[in-house]
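The values are calculated or read from the model by the stated rules, or taken from the named source; none is laboratory data. Since the model is a prediction, treat every value here as computed from it, not as a measurement. Because the Cβ atoms are built from the backbone with ideal geometry, glycine has one as well, and the counts that use them run over all protein chains shown. Remember, those area values only see protein heavy atoms, side chains included, never the ligands or the DNA or RNA. Shrake-Rupley method; radii C 1.70, N 1.55, O 1.52, S 1.80 Å.
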Amino acid sequence: MGNTGDFDRLTHDDEERLIARSQRGDVEAFNQLVLHYQQAVYSVVFRMLGNHDTVADVTQDAFLAAFKGIRSYRGGTSFRAWLLRVASNMACDQWRRTQRRPAESLDALIEDDEPHAPALLNALILTGVEGNPEEMLLSQELQELLQQGLETLPLEQRVAVVLCDIEGLSYEEIAETTETTPGTVRSRISRGRRRMRDYLNAHRELLPRNYRLHRE
Amino acid sequence: MTEHNGQQEKQHLTTTQLSTLLDGQLPIEEREFSDAHLATCEQCQLELESLRQTKMLLHALPRPALPRSFVLPISTRQAETPATPLAPLASITPITPITPITTPTYHNRNTSRRADMRSYYTRTALRTVGTLAAMVGLVLLLSSLIPFVNNKGGGTAQSGGNSTTLPATRQATPGGPVAPNLRGTTVTQPQPTHPSTSSGTFLPPVLDISTLVGRTFYGILLFVLGIIGLMIGRRREPHRGP
């Protein structure tokens, strides 16, 4: 986190100027943008690919590709969304190359429009901090479970869930990033969340006792 | 009014509606219906709560620590021309001439990438060869154990014949370890003290693969070399998770 440091307060005008200079080939200006966005980009790639030794390489390649293609960025839209689009596309390409779980593509074809799932996830959250996500502390075990759950999602749902629930992007920004409509984004997020919820419910026996459902 | 409420209770909210409601993105008309339904439907309340908690858990995931900075080298240059002729130029600087590219940077980048790929292929080849060597070594080691197993368990003539088939075919000269009898079957002979090659030069038993000692030696050698190859060619993991 410390790497972003003073660059957290990059104003919109500053960003516009840096983008304009980057489009003229100024690497130093682009590196200011890298310092500002590298945490977000790395985080998205990490959540897309998991704890994998290619995450840093994909992130670096994403910044390089973004610099080389920055002339195609048009002002007036979110630069963050554009940058994350480059990164998430490269992460998806990398994931497809590795084909770690080819059976998932079949799962993605299953349409899932039942209105309800059976169980709740009440006790996956530490007691005493419920309702305050900023103060929630997740155990390493739970973090790993969540990451594994993310990796079971079809790519399109994974991108949408990561961008929405982890990075906090709006539906419009996600639609820009994924080059789809807000309606599609809404559908992907809901299906992704539902899958995540079902995945966590299916693995709650692996969680520490204080994470278990307390309505058993 | 009662009928209307009854309809609302029967028709539960979909996951998409609940998820969108959670993000505050539900259109106002749908929102009114959802609020009215949620006020009376415990099932939908539970569903909404489970989605809320899933979202909260994901939101609470910590950001992974950066393994390094991703700033680009100062020598990095942009592409000389856009990838496609229709790619839009930046609206901010439509007239500014594009900085010409210097090809050495590309060469450096490509050379580095090629070197990485070479390294990757070398490691993969090393792993493959190492695995094969270790497997062959293991087979040789196991095959050297067969006579012991046979002796211990009163081995059959058939299995004894199998264990000496190779020497019998390779070394039909007098003095070899195996000689065919009149029925055409093979009979195990005592281990030779000085096995010889066809050219007449003597090999120490440890180097002759037809002997028990030789197989054991080659088995151990290949196995160790295979393991070393696997160790050298194993995948590198530059960083770990948070």
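Quick one: which of A:ARG80, A:ARG101 is assigned to a loop (DSSP other than H, G, I, E, B) and at pLDDT 50 or above?
Details: A:ARG80 fails: assigned to a loop (DSSP other than H, G, I, E, B).
None of the others qualify; the one that does is A:ARG101.
Report yes if B:THR76 is open to solvent by 20 Å² or more (accessible area, probe 1.4 Å), within 7 Å of chain A (Cβ to nearest Cβ) and modelled with pLDDT under 90, otherwise no. So B:THR76 fails the test. Of all the criteria given as (1) out of contact with any Cys (no Cβ under 7 Å at 6 or more places or on another chain); (2) at pLDDT below 90, the one not satisfied by B:HIS12 is (1). Scanning the range A:147-182 for residues that are closer than 17 Å to B:ASP23 by Cβ and assigned to a loop (DSSP other than H, G, I, E, B) turns up A:GLU167, A:GLY168, A:LEU169, A:SER170, A:THR180, A:THR181.
When A:GLN143 is tested against (1) of a type outside the set (A, V, I, L, M); (2) in contact with a Gly (Cβ under 9 Å, 6 or more places away or on another chain); (3) closer than 20 Å to A:MET90 by Cβ, only condition (3) is not met. Considering only residues that are open to solvent by less than 10 Å² (accessible area, probe 1.4 Å) and free of Cβ contacts under 8 Å to residues at least 60 places away in the same chain, which ones fall in the range A:176-200? If the condition is that a residue be open to solvent by less than 10 Å² (accessible area, probe 1.4 Å) and free of Cβ contacts under 8 Å to residues at least 60 places away in the same chain, then A:VAL185, A:ILE189, A:SER190, A:GLY192, A:ARG193, A:MET196 are the ones that fit. Can you say whether A:THR59 is under 25 Å from A:GLY25 (Cβ atoms), modelled with pLDDT under 90 and within 12 Å of another protein chain (Cβ to nearest Cβ), as far as the supplied structure shows? It is false that A:THR59 is under 25 Å from A:GLY25 (Cβ atoms), modelled with pLDDT under 90 and within 12 Å of another protein chain (Cβ to nearest Cβ).
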